Amino acid sequence: MLFKRHPNGLDLPFPSEITPQEVYTGRRQFITRMAATAAVGSGIWEMANREAFAQTAGQKLAARPNVALSTDEKQTPFKDAAGYNNFYEFGLDKGDPADNAHTLVTRPWTVRIEGEVKKPLTLDIDGLLKLAPLEERIYRLRCVEGWSMVIPWVGYSLSNLLKQVEPNGNAKFVEFTTLADRKQMPGLRSGVLDWPYVEGLRIDEAMHPLTLLTMGMYGQVLPNQNGAPVRLVVPWKYGFKSAKSIVRIRLVSRQPRTAWNDSAPREYGFYSNVNPNVDHPRWSQASERRIGETGLFQPKKKTLMFNGYDQVASLYTGMDLKRYY
Ligand code: MTE
């Protein structure tokens, strides 16, 4: 994250880090408008739109609010949550996923749950939606890059799904593999990560009620750029643990490799709990910028241990969280 591996071996900062958001968003809108104007006459515009809306975009997804697990902080506007994304399979700039992810085909879609389990299972997206009652949970999401959002997600605790497959005694970790299809995902041409994007959790983290298997946000199915049709949201960990567009969930006996840890092991550990006391090797993690709040000069917020989700602290009793970052 954050730094492209340049062919010459140098680390280059992402454009979003060296250019204020307002400036590059404006530039992007200008370029998009120009491209749209050029495309209208040729019919490309209509085709692209038809493709985008043939999917389930914008479809309502009813859910019961889970107030006990929700923050009452001000929600990030939908346009920011769906317009400022990390989804490298669709490009490296924050606006790229919203521009490019219309090529993601989210139906039909299946998720395979296998490994150290008694009852492996393949479910399609309708099966997943019906597996447990959908809840709306308003969670803070803190990115390792130093920004955060407050988003009303729709889904249910991942534990509902894991219980169905009956993990056996060897199941100590859970590995999440996401779609890697060059035909749908232009970003796979970049070597920034070793695709597919893979993430992992310890089994007790995966079973924790806060860990949300997520199919929607803001009362709708997930926009493609936010990880349609199914992603993870782990609110006490940095955002990159929340894998998007999951196709396989494997219960395993050993700690799985993860994409960001493979790419920069000193910077992105397996645990990646939000922790203001453990800086990233190249910047502080003590504070954060809330996306969508006030422009460039808004005061930063103090970052809270476990992103404020104190109920997970007992999962790490006795662990040195500087060592297990
Ligand atoms: N999942 C996949 N498959 N590919 C990605 O590039 N980026 C991660 C995570 N999940 C990513 C991913 C990162 S770095 C963050 S911060 C969150 O998704 C961003 O989620 P959002 O765009 O919905 O805010």
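Listed values, structure above:
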item	result
Three-way shape label, region 60-316, alpha-carbon gyration tensor, a/c 1.5	rounded
Cross-link partners of LYS60 among aspartates and glutamates (Cα-Cα below 15 Å; sequence separation of 8 or more within a chain)	ASP126, GLU135, GLU136
³J(HN,Hα) computed for each position of region 172-186 - Karplus, 6.51 cos²θ - 1.76 cosθ + 1.60, integer Hz, glycine/proline x	10, 9, 10, 10, 10, 10, 10, 4, 9, 10, 4, 5, 9, 10, x
Three-way shape label, region 180-325, alpha-carbon gyration tensor, a/c 1.5	rounded
Peptide ranges 228-240, 64-76 listed from the most packed, as the mean C-beta count within 10 angstrom indicates	228-240, 64-76
Net charge contributed by nearby residues that have their C-beta within less than 10 Å of ARG112 (K/R +1, D/E -1)	+1
Relative contact order (percent, whole number), region 60-316, Cα cutoff 8 Å, 6+ residue spacing	23
Packing-based ranking, highest mean first, of 260-271, 80-91 given that Cβ atoms within 10 Å are counted	80-91, 260-271
Integer Hz, Karplus 6.51/-1.76/1.60 couplings in order for region 155-170, x for Gly and Pro	x, 8, 4, 4, 4, 4, 6, 5, 5, 4, 8, 6, x, 8, x, 7
Cα gyration tensor shape for region 60-106, rounded if a/c is under 1.5, else prolate or oblate	prolate
Spatially proximal aspartates and glutamates relative to LYS183 (Cα-Cα < 13 Å; intrachain offsets below 8 disregarded)	GLU89
Calculated P(r) of region 115-171 - Cα pairs past 17 Å, %	55
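Where a number appears in this text, it was derived from the coordinates with a stated rule and is not lab data. Source: prediction; values computed, not measured. Virtual Cβ from ideal backbone geometry, glycine too; neighbours counted across all protein chains shown.
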